[in-house]
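Peer 1: Starting off with a structure, shown below.
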Amino acid sequence: MNYYSLNHNSPKTNFKNAVISGIAPDRVLYFPEKISPISTDFFENIEKYSHHEIAFEVIKQFVGDEIPEEKLKDIISETIFFDFPLVKIDENCASLELFHGPTMAFKDVGAKFMAKCLEYFNENNNEEVTVLVATSGDTGGAVANGFLGTKGVNVVILYPSGKVSDIQEKQLTTLGQNITALEVNGVFDDCQEMVKTAFLDAEIARKLTSANSINVARWLPQMFYYFYAFKTLKSLNKELVFSVPSGNFGNICAGIMAQKLGLPIKHFVAATNINDTVPNYLIDGKYAPKPSKPTISNAMDV
Ligand SMILES: *Cc1c(COP(=O)(O)O)cnc(C)c1O
C-alpha cells in the first residue's frame with residue numbers, strides 16, 4: 001500500500017517508511033492512497049468472525065505485502081488481548097468502553113500495534129529509531145507500555161508538569177529500560193511544539209518517528225473497535241451514530257475510515273470540551289488556534 005502526503009509535496013512511500021518516518025518530508029501527514037471497501041459478505045457474516053479475524057480483514061489492505069500474513073496475525077494477537085464491552089445506558093444508547101487495556105487508554109491498541117510493526121521492520125538491521133511523543137496524559141502511558149522492551153526503539157515522552165494525573169505520571173516515569181520521560185515546564189501544546197521543532201531539523205528527524213496519531217500505524221488500528229461495536233449491535237438492526245470524545249481527532253478519523261471501508265455508520269458526533277478550535281474551524285472555515293485550557297478531560301485539552 002502506498003501513502004501520500006496530504007499536501008502532495010512529497011514522494012509517495014510504502015507502509016514501512018510511513019511508519020518509520022511518522023510524517024512526510026514536507027512535514028504533512030501520510031494518508032493511504034486507496035481505500036477499498038470490504039466485501040458485503042464480511043459485514044453480513046461479521047458475527048462469525050473473531051476479534052482477531054476482524055482486525056486482520058480491516059488492516060490487511062493498509063499493510064499490503066510488507067508484513068507476511070502470519071506475522072501480521074501474530075501482531076494482531078499481541079495487540080488485541082482485552083475486551084471492548086458495550087455497556088447499555090438506556091434503550092438507544094450504549095457506552096463503548098475502551099479502557100480495558102493495560103494503561104486504560106484506547107491508545108493501547110494503536111501503540112502496541114505500532115510497536116510490533118516497528119519491531120518487525122527493525123528485526124534485520126541495527127538501526128535505532130527514537131519515538132518522540134508529546135502527551136497530555138493518555139498517549140504517553142499507552143506508548144510507554146506498548147513500546148517497553150521493543151528492540152531497536154527508544155522512546156522519549158514529553159509531558160506537561162502538573163497536568164497529568166498521579167497514575168499517569170507513574171505510568172510514564174517508572175518503567176525505565178528504553179523509556180525516558182521528560183517533564184516539561186508548560187502545557188501540552190508546549191510539548192507538542194517541541195516535538196514539531198525536533199521534526200523540523202532534518203538531521204534529527206532522520207532518526208525520529210512519532211507515536212501520536214499522526215502515525216498511520218497508531219491510528220489505523222483504532223478502526224477495529226468500531227467494527228467490534230457493530231458486531232455486537234448488528235442484530236438490533238438500528239442506525240448507528242458514534243459520538244467520539246475528541247482532542248486531536250485521530251480516533252474519530254479512524255471511525256470515518258471504518259465507514260469508508262463499508263461499516264454502516266449513519267453519523268458521527270465529534271465531541272469536544274471548551275477547547276473548541278476544530279469545531280469553530282468547521283463552522284466558518286477559519287483556523288484560529290488558541291492556547292488550550294486545562295479541564296478534567298485532559299486528553300481532550302488540545
Ligand atoms: C486520546 C483521548 C482522547 C482524544 O482522542 P483524539 O484521537 O486525540 O481525538 C479523548 N479521550 C480520551 C480518554 C483519550 O485518551
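Peer 1: Considering only residues that are surrounded by fewer than 19 Cβ atoms within 10 Å (Cβ to Cβ), under 23 Å from residue 48 (Cα atoms) and not β-branched (Val, Ile, Thr), which ones fall in region 232-258?
Peer 2: 233, 234, 235, 236, 237, 238, 239, 240 - these are the residues of region 232-258 that are surrounded by fewer than 19 Cβ atoms within 10 Å (Cβ to Cβ), under 23 Å from residue 48 (Cα atoms) and not β-branched (Val, Ile, Thr).
Peer 1: If you don't mind, there's one more thing I want to ask. Out of 156, 133, I need the residue that is within 30 Å of residue 296 (Cβ to Cβ), part of a strand (DSSP E or B) and at pLDDT 95 or above. Which one?
Peer 2: 156
Peer 1: In region 176-196, what residues are assigned to a loop (DSSP other than H, G, I, E, B) and either among the hydroxyl-bearing types (Ser, Thr, Tyr) or surrounded by fewer than 19 Cβ atoms within 10 Å (Cβ to Cβ) (or both)?
Peer 2: Across region 176-196, the qualifying residues are 176, 177, 185, 186.
Peer 1: Kindly indicate which of 99, 84 is part of a loop (DSSP other than H, G, I, E, B), touching a Ser or Thr at 6+ places or on another chain (Cβ under 9 Å), within 16 Å of the ligand (Cβ to nearest atom) and within 21 Å of residue 143 (Cα to Cα).
Peer 2: Of the residues listed, the single one that is part of a loop (DSSP other than H, G, I, E, B), touching a Ser or Thr at 6+ places or on another chain (Cβ under 9 Å), within 16 Å of the ligand (Cβ to nearest atom) and within 21 Å of residue 143 (Cα to Cα) is 84.
Peer 1: So, of the residues in region 197-231 that are closer than 30 Å to residue 37 by Cβ and basic (Lys, Arg), which turns out to be surrounded by the fewest Cβ atoms within 10 Å (Cβ to Cβ)?
Peer 2: By that ranking, first place goes to 231.
Peer 1: Do any strands (runs of 3 or more DSSP E) entirely within region 201-301 hold 2 or more residues that are within 16 Å of the ligand (Cβ to nearest atom), and if so, which?
Peer 2: Those strands (runs of 3 or more DSSP E) span 241-245, 267-271.
Peer 1: For residue 139, are the conditions met, namely being polar (S, T, N, Q), within 16 Å of the ligand (Cβ to nearest atom), touching a residue at least 60 places away in the same chain (Cβ under 8 Å) and within 23 Å of residue 117 (Cα to Cα)?
Peer 2: So residue 139 passes the test.
The values are calculated or read from the model by the stated rules, or taken from the named source; none is laboratory data. Predicted model, so just to flag it, every value in this text is computed and none were measured. For neighbour counting, all protein chains shown are included, and Cβ atoms are generated from backbone atoms with ideal geometry for every residue, glycine included.
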